[in-house]
Amino acid sequence: MPRGDKDKYTDKQKRKAQNIEQSYEDKGVGKDEAEARAWATVNKQSGGGEKPGGAGSKTSLQAKDSARSDSAKRAAKSRQGHSRTSHVSLESQTKQSLLKEARSKGIKGRSTMNKAQLVEALGKQN
């Protein structure tokens, strides 16, 4: 018989294990082996004997709302401050996006430029 107490499993998990066990027994697997396989399957599918709502239930709805609001404020703040073509903004872009922007502005020699040179050339365009 599998180790451990099954009290922490939900009724649904217990029913599922019982059905799986019965299926294995119908295929000719021994009782103990069928039970072990059934509980292993339930554990793999549902993460073990945890009741639903385990880890997340400790955080209150007010705390979640506050965290969500703070996150939105930080995101909005990070979007402010630098124009798209400022040196800081250009530095944070990838070389591929800089090449694309240089292509759209018709900067000559862009394909041989490194990132720093692209940033400088795009900065002069503005």
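Please treat every number below as a calculation from the coordinates, not as lab data. Not measured: the values here are computed from a predicted model. Cβ: placed from backbone, ideal geometry, glycine included. Neighbour counts: every protein chain shown.
Brief remarks follow.
- Added length on full extension, which subtracts the Cα-Cα distance from 0.36 nm per residue, residue 61 to residue 19: 11.4 nm
- From most to least packed by mean Cβ count within 10 Å, the peptides 29-36, 104-111 give 29-36, 104-111.
- With θ taken as phi - 60° and the Karplus curve 6.51 cos²θ - 1.76 cosθ + 1.60 applied, the whole-hertz 3J(HN,Hα) list for segment 61-74 is 5, 5, 5, 5, 4, 5, 5, 5, 5, 4, 5, 5, 5, 5 Hz, x standing for glycine and proline.
- J(HN,Hα) series, segment 8-21, from Karplus relation 6.51 cos²θ - 1.76 cosθ + 1.60, nearest Hz, glycine and proline x: 7, 7, 6, 4, 4, 5, 5, 5, 4, 4, 5, 5, 5, 4
- Each residue of segment 107-124 was assigned a 3J(HN,Hα) from its phi angle through the Karplus curve 6.51 cos²θ - 1.76 cosθ + 1.60 (θ = phi - 60°); the sequence is 6, 7, x, 5, 5, 9, 7, 8, 4, 4, 5, 5, 4, 5, 5, 5, x, 6 Hz, with glycine and proline shown as x.
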